[in-house]
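Take a look at the structure set out below.
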Amino acid sequence: MKIWPWILLSIVVFFFSGYYWTKTTVPTYNVTSKFFIKEKESALALFEKPSITEVGNVGLQNEVIILKSKPTAEATLKNLDFDVEYFRRGTFIDHRLYKNTPVLIQVDWNSAQVTNGLVNLSWENDTHFTLTFDDDNYTKYLPDGTSTAFKNIPEPEKFPFGEWIETNHFRLNIAKVDPEKSGSILFKVRDLKSLTNQFSSALKVSAVERGASIMNLSINTTNVAVGEVYLNTLMQTYLAKELQEKNEVYANTISFIDSQVSGIADSLRFFERQLESFRSQNRFFDLSAEGSAVFGQLSELESQLSEEKFKRTYYQSLKDYLVRENYRDLVVPSGIGIEDPILNAQIENLLSLQVEKSRLLATQKEISPAVREVNRKIDNLNSSIREVLTNVDQNAQRLISELERRITEIEGSFRNLPQTEQNLIRIERQFTLNENLYTFLMEKRSEAAITKASNTANNKIIEPADGGFQLAPRPVRNYMASILLGFLFPVLIVLSREFFRTKIEDVKYLEKFLKTSVVATILLNKTADNLVVLKHGKSGIAEGFRSLRANLRFLQPNEDKISLMVTSTISGEGKTFCAINLASVYSLTGKKTILVGCDMRKPKIFGDFKVSNNQGLSTYLSGQEKDWKKVINHTEFDNLDILVSGPTPPNPAELLFTERFDILMKELKEQYDVVILDTPPVGLVSETLDLLAHVDFTLFLFRQNYSQRAFVEALNGLKSSKNLKNIYAVFNGVDSSKVTYGYGYTYGYGYGYYEDDKK
C-alpha cells in the first residue's frame, strides 16, 4: 500500500484541526509580579522596647498560604470592579474586554441578580438598549448571599440608558459611553463568592530562587489588564492588612488615652476657671514661702498618687479584657508609661500570638492542630498575665496607701496657714494635679500617634505586574505540531499494524523471510466446491494451479514422472484443497495421476469425490487388504484416481513406517505418472517428516490471514535442520481484490480474463 497519499491527507486534516483548535481556544495569558515577604517578624514591641522572647515569628510558608487564601482574595476583589465581565463577540470565540468598553454597568447587590451567564446587550440609538438572555444556564443570586438555578429566562426587552432598571430578576444601571450610534456587547454578572473561588485558586506563588523570600506571584487570565490589576491590588491589600494589624496596638492606645483624657480635660477647665475667679475676687496672687513649700510637697505627692490610680484603672481594664478574652482591644503597658518589662513582654507576646492565630484562621479551622496549639499558648499566657496583674495591682495599692498617708501628714502643717492661702492652695492643687495628668497622657498619645503615622509594612512590592505572555493558544507551535502529528499518525498506524500483525497478509513477506522459493499464489476459493480445476477450469484459481504445475516442471525439466507431498504447519491452511486441485490439473494434461490421502486422523478427500471411506490406505497398510489395487477409487474424471485414507486406525504413525508403505509408494510411482500425497500438518504430527524421503518435491502451504508469521521460521528451521532441498512454498487463499500480478501469480486476474472476473 502506498502510504504517501495517506500521509498527505493526514497532514491536511491535522493542520486544519490545529487551525480550528487555535481559533476556538480562548487566549490565556500569564501575568507575574515579585513580592518580598519578610521571613521573621519580631514581637510587637512599642516605642523600641524589645520583648524578652520572640514568640510571634510567622513562617514564610504561612505567609504564602495567606496570600493565596480566600479572605485575601475577597478583600482584594472588594476594591475592584470585576463584578461585571464584558465580551466582544468574535467569529470563533468571545474576547474579554476591560476598561475600554462601550457601556458601563452598575450592579445593585442588595437586589436579586442573574449571574454566571452571558447576556447580549444591543442598541440602535443613544436612548434605549435591548437585553437578550442567550445562554441556556444562569444562576440567580439572592441578596442574602445564596444562589439558585435560574430557569425562567426572560424574553428580550428594551430599557433606557442611564436609569436604574429593576425587574424580579435583576437591578442594573447601564450607561452608554461609546459614541457609536448602534452596536452590541456581551456581559456577565459575577457574584463575589464565585470570583473569590476563581482568583484564589488561580493564584500561584513560588520562590524566585531556592531559599529566597522574594516570591513570584503569577496568575493565568484571559485578559492581561485584568491580571495586572488583580496582582497589584492583591499586593497593596496584603500590605494594608499587615499595616493595619501592626497599627492596631497603637490605635488601641490612642483610644484608651482619649477615653481617660476627656474627663480630665473637663476637670482642668473647671479648676482653671475657679482659680481665676478666686484670684480676681480676693486679689491674692502669690503664696508665702511656707505656703509654697507645702504646695510643692503636696503637688508632687498628689501627682504620684494620680499616676498610681491611673495605673490601677489600666490594670482593672486589662484584667477585664483578659477575662472576656477580648484581645483586639488590649493596650500595651509601655504605651501609657507603665515600665514593667515582664508585663510589657507578656502583653506583646500575647498580641503576637493573637496575630498568628488570625493568620492561621484565614486558611484553617479552629480544630486544626496548629490553631489548637496557638490557643493553648494564648490560654497559658492569659493565666500568667492575670497573675502578674494581681501582683502589680497589690503593689500599686500599697503605694497609693503610703502616698495618701504622707499627704495626710503634710496637710497638718497646711492648716496653720491663713484661710485665704489655704483656699488658694486647694484650688491650685486640683488644677496642677489635672494639668500634670493631662500633660502626661497627651505626651503618651502623641508618641503613639507619631509611631502609628511613621509605621510601615515589613513586606514590600519588588516588581509590580506589568504585561504578560500568552500561554495558549500558541499558533506557530500548534501548526508545527499539527504537521508533525499529521505525518506521524499514518506512519504510526502502519508501524503499529506491522508490530501487532501476527498473520501473513502478503506474499512479499514470504519472499522476504523464507529461505526457499514461493512457487505459486493460489486465490481464495469463494465457491462451496473444492473441485475448482475440474468444474471451473477458466477461473483464476484454476490458472493458479496451472502456474504451479508449470513452475514444478521448470524445477524438474527432464523427468516425465513426479511425486510430491502437500503439507502445512497446522490444519486449515488448505492442504487437501490444494492437493485435490493440483492432482486435477495434472490429470487434465493426460498424465495418469493418483492422489493419496495420508492424513488418517482427519480424512477428507472422499467427501469431495463422493466415494466411500470404508476401505483405503489404512485398510491396506494394516493388512486387512492384501492388494492395494483393490482399495483404489477410480473417479469419474479421466486419468485421476484416489486412494482415500480409510477408517481411522489406532496407530496411524506406525502404519506409515511399515514396509508395506514403502512397497506401496514404489509400485504407485511405477503405475502412475504423478503421485501426490495429502499429509497431516507437520506442526501437529510427527509422521509427516518421515514421508519426505518418498517424494521428489514437498509443497509447504501458507494461507493468507490465517497462517502465523512464526510458521515461516518453523519452515526455515525445518529446511536447515533436515537439510531439505526440494521443499517449496505455496501461498494459498489470497483475496482476489488484493492480488498482484506477475510471473507465476495468476497473471491477468482482475481484467475480465477469467470467468469469475466476469461474475
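The values are calculated or read from the model by the stated rules, or taken from the named source; none is laboratory data. Treat the numbers as computed from the prediction; the structure is a model and nothing was measured. Ideal geometry is used to build each Cβ from the backbone, glycine not excepted, and the neighbour counts take in all protein chains shown. We work out accessible area using only protein heavy atoms, side chains counted, and drop any ligands, DNA or RNA first. Shrake-Rupley method; radii C 1.70, N 1.55, O 1.52, S 1.80 Å.
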Checking the structure you have, find out if any residue of segment 203-225 is open to solvent by less than 50 Å² (accessible area, probe 1.4 Å), touching a residue at least 24 places away in the same chain (Cβ under 8 Å) and part of a helix (DSSP H, G or I). yes
Show me the strands (runs of 3 or more DSSP E) found entirely inside segment 70-182 where at least 2 residues are more than 30 Å from S218 (Cα to Cα) and charged (D, E, K, R). 157-160, 171-176
Would you confirm, using the coordinates I've provided, whether A472 is under 30 Å from S10 (Cβ atoms), open to solvent by less than 30 Å² (accessible area, probe 1.4 Å) and hydrophobic (A, V, I, L, M, F, W, C)? yes
Which ones in segment 353-381 are in a helix (DSSP H, G or I) and free of Cβ contacts under 8 Å to residues at least 12 places away in the same chain? L361, P369, A370, R372, E373, R376, D379, N380
Of the numbered conditions (1) modelled with pLDDT under 90; (2) crowded, with 18+ Cβ neighbours inside 10 Å, G486 fails exactly one; give the number of that condition. (1)
Looking at K193, K241, can you tell me which residue is open to solvent by 60 Å² or more (accessible area, probe 1.4 Å) and under 30 Å from V103 (Cα atoms)? K193
Evaluate segment 668-684: report whether one residue or more is open to solvent by 30 Å² or more (accessible area, probe 1.4 Å), in contact (Cβ under 8 Å) with a residue 24 or more places away in the chain, over 15 Å from K722 (Cβ atoms) and part of a helix (DSSP H, G or I). yes
Residue list for segment 1-21, filter: of a type in the set (A, V, I, L, M, F, W, C) and in a helix (DSSP H, G or I): W4, W6, I7, L8, L9, I11, V12, V13, F14, F15, F16, W21
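Per-residue answers, yes or no, for (1) open to solvent by 40 Å² or more (accessible area, probe 1.4 Å); (2) over 17 Å from D83 (Cβ atoms); (3) not basic (K, R):
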| position | (1), (2), (3) |
| --- | --- |
| L118 | no, no, yes |
| D126 | yes, yes, yes |
| T132 | no, yes, yes |
| Y138 | no, no, yes |
| P143 | yes, no, yes |
| A149 | yes, yes, yes |
Looking only at segment 615-658, which residues are surrounded by fewer than 18 Cβ atoms within 10 Å (Cβ to Cβ), touching a helix residue (DSSP H, G or I) at 6+ places or on another chain (Cβ under 8 Å) and not in a loop (DSSP other than H, G, I, E, B)? A653
Kindly evaluate Q236 against the criterion of being of a type outside the set (D, E), within 33 Å of the chain's Cα centre (by Cα), part of a helix (DSSP H, G or I) and surrounded by fewer than 18 Cβ atoms within 10 Å (Cβ to Cβ). yes
What's the total number of residues in segment 433-468 that are among the small types (G, A, S), loosely packed, with under 14 Cβ neighbours inside 10 Å and either without any contact (Cβ under 8 Å) to a residue 40 or more places away in the chain or in contact with a helix residue (DSSP H, G or I) (Cβ under 6 Å, 6 or more places away or on another chain) (or both)? 3
If you take the residues in segment 685-725 that are charged (D, E, K, R) and open to solvent by 10 Å² or more (accessible area, probe 1.4 Å), which one is modelled with the highest pLDDT? R703
With the structure loaded, tell me whether E74 is surrounded by fewer than 18 Cβ atoms within 10 Å (Cβ to Cβ) and either at pLDDT 90 or above or not acidic (D, E) (or both) or whether it fails that test. yes
Please specify each residue of segment 686-714 satisfying the condition of being more than 53 Å from the chain's Cα centre (by Cα) and not in a strand (DSSP E or B). S686, E687, T688, L689, D690, L691, L692, A693, H694, V695, D696
Determine whether segment 159-168 contains at least one residue that is touching a residue at least 40 places away in the same chain (Cβ under 8 Å) and open to solvent by less than 20 Å² (accessible area, probe 1.4 Å). no
Applying the selection to segment 565-612, what residues are farther than 20 Å from M665 by Cα and among the acidic types (D, E)? E573, D608
Being over 60 Å from the mean Cα position of the chain (by Cα), open to solvent by 20 Å² or more (accessible area, probe 1.4 Å) and of a type in the set (G, A, S), is that true of even one residue in segment 548-571? yes
For N252, are the conditions met, namely being modelled with pLDDT of 90 or more and surrounded by 13 or more Cβ atoms within 10 Å (Cβ to Cβ)? no
When you check F661 against the structure, is it under 29 Å from L588 (Cβ atoms), within 60 Å of the chain's Cα centre (by Cα) and crowded, with 17+ Cβ neighbours inside 10 Å, yes or no? no
Of the residues in segment 719-739, how many are closer than 25 Å to K526 by Cα and in contact with a Lys or Arg (Cβ under 7 Å, 6 or more places away or on another chain)? 2
Identify all residues within segment 152-202 that are farther than 15 Å from E85 by Cβ and of a type in the set (G, A, S); write none if there are none. G162, A175, S182, G183, S184, S200, S201
Would you check if K68 is open to solvent by 80 Å² or more (accessible area, probe 1.4 Å), modelled with pLDDT of 80 or more and within 29 Å of the chain's Cα centre (by Cα)? yes
